[in-house]
Amino acid sequence: APQRAPVEGLFERRTSVEERQAAAATRVRHAQARRSVHTMQALDLEAALGCRLLTAEMSVLGSEEAFGLSEEIVAQKQEIFGKNRMTPPPKPNVWWLLIKQVFGGVFNTLLWICVVCELLLAMFMGGDDLTTPIILSGVIMLSGLLQWWTEQRAESMMNALQGMQASEGVSTYRIRANLCVELPSEDLVPGDVVLLEAGQRVPADVRIVDCTYGALAESSAITGESVPEKRTSVPAAGDPPPTIMDATNVLWSGTSVVQGRLLCVVFGTGDDTLLGQIASKIRCSRTRSSLEIQIEHFVHLIAIVATCVSALSLLANLLAPQKESMATMLTNAATAFFTQVPEGLMPTVTLCLMIASQKMATRHVLVRRIDAVETLGCVGILCSDKTGTLTSGNMTATDIV
């Protein structure tokens, strides 16, 4: 037994390495297939995606013909590709966000400096005004709390909407008693055969295997075209063949079926979908809004003016014929500094943005960050060559000529 243990451990490590290599090879094979899936025949799709497709036709639905993936292959692919959902960006702790709202930002930093200085003057230099720093502290914290609460409520609503989309059921054909099972879209893996009907959202990147005549799909989320486009199951041909973006036998995740029924095979899930690749490219640090830039510029200007006024006040006290004590001169200089700082600016801006976001909510617009309202208000001219992603996609006659 003592001699057998090292051998068994070596065998287990070798097996795990082989499994990782096999998983990596599978991912590479699927990545190569995704680039040319629109040109493949059914036999090539079977070999590339590891599923049964030769009998997958609309005419045999409900019969004893079996196609799709077996349960064993599904389990293997779930370990390799994971759930059919995009990796969300890292979310900071909500309490850390609250602390940033209250104590972060250039303007909040300036206000807290005023609070600390006023407390030091009241406690160590004979001052008697403790009311002002206490009230100012409450105003700063209330302003940060209101902004944090508004953004957290919008974030929870966005998460709820995404959860509703993820829980939508999809008719999936798997080699299990030749039955069509209703599965959550998160459980799909490459090689699954799904049936999509009019009104359904496409849960993953799929290649059409068979469809009814006149099938239409709306792809404004990807291309910006609001007009539904015709879809077929015919493999793309030509020398050279069209790109996969121009193929009519492919549906992208996030688009929707407008008309007809389509039998499709999944070739991309989660981060491997076109939508997931777009999301990964734009997942970067958030750019500052125009309001943040303007407030930072204003704070720098106020700090310079307040410092100059305070220095001039101290200089005037030093040169005055009637000499004052050092505590009195510092108090006068600090008072001159504080009077230049508009303590009510931040709560006023926060309340105005909250009112604007509430008005936009009545028009069915969800504002995730309230400073985005001001950015939208700064737009004077909007140039776009697409309208499908900006409007409801419907044309309405407004005037009769």
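Structural remarks
- Candidate set: the stretch 290-333, residues that are under 30 Å from Gln147 (Cα atoms) and in contact with an Asp or Glu (Cβ under 9 Å, 6 or more places away or on another chain); chosen: the one surrounded by the most Cβ atoms within 10 Å (Cβ to Cβ): Leu291
- Within the set Thr348, Thr375, Thr362, the sole residue that is under 30 Å from Arg153 (Cα atoms), loosely packed, with under 11 Cβ neighbours inside 10 Å and either polar (S, T, N, Q) or under 22 Å from the mean Cα position of the chain (by Cα) (or both) turns out to be Thr362.
- Reported count of residues in the stretch 128-138, each being open to solvent by 50 Å² or more (accessible area, probe 1.4 Å) and in a helix (DSSP H, G or I), is 4.
- Strands (runs of 3 or more DSSP E) enclosed by the stretch 151-241 - at least 2 residues per element that are open to solvent by 50 Å² or more (accessible area, probe 1.4 Å) and at pLDDT 80 or above: 180-184
- Screening the stretch 35-58 for residues that are over 18 Å from Lys77 (Cβ atoms) and assigned to a helix (DSSP H, G or I) and picking the one that is least open to solvent (accessible area, probe 1.4 Å) gives His38.
- Leu54 within 30 Å of Leu275 (Cβ to Cβ), of a type in the set (A, V, I, L, M) and at pLDDT below 80: yes
- Among the residues of the stretch 107-127, the one identified as of a type outside the set (A, V, I, L, M) and open to solvent by 80 Å² or more (accessible area, probe 1.4 Å) is Phe124.
- Looking across the stretch 95-106 at every residue that is within 26 Å of Gln294 (Cα to Cα) and of a type in the set (A, V, I, L, M, F, W, C), the one that is most open to solvent (accessible area, probe 1.4 Å) is identified as Trp96.
- Sole exception among (1) touching a Lys or Arg at 6+ places or on another chain (Cβ under 8 Å); (2) closer than 22 Å to Ser185 by Cβ for Glu225, by number: (2)
- Close pairs (7 angstrom Cβ cut-off, 6 or more residues apart or separate chains): part of a loop (DSSP other than H, G, I, E, B) in the stretch 251-262, surrounded by fewer than 18 Cβ atoms within 10 Å (Cβ to Cβ) and among the polar types (S, T, N, Q) anywhere: Gly260/Thr212
- Glu71 being charged (D, E, K, R), open to solvent by 70 Å² or more (accessible area, probe 1.4 Å), closer than 18 Å to Asp192 by Cβ and at pLDDT below 85: no
- Some residue of the stretch 343-362 being farther than 19 Å from Gly105 by Cβ, in a loop (DSSP other than H, G, I, E, B) and not aromatic (Phe, Trp, Tyr): yes
- Restricting attention to the stretch 79-88, the residues that are over 21 Å from Trp252 (Cβ atoms) and loosely packed, with under 15 Cβ neighbours inside 10 Å total 1.
The values are calculated or read from the model by the stated rules, or taken from the named source; none is laboratory data. Since we're looking at a predicted model, the values are computed, not measured. Neighbour counts run over all protein chains shown; Cβ positions are idealised from the backbone, glycine included. The area values use the complete protein model at the heavy-atom level, side chains included, leaving out ligands, DNA and RNA. Shrake-Rupley method; radii C 1.70, N 1.55, O 1.52, S 1.80 Å.
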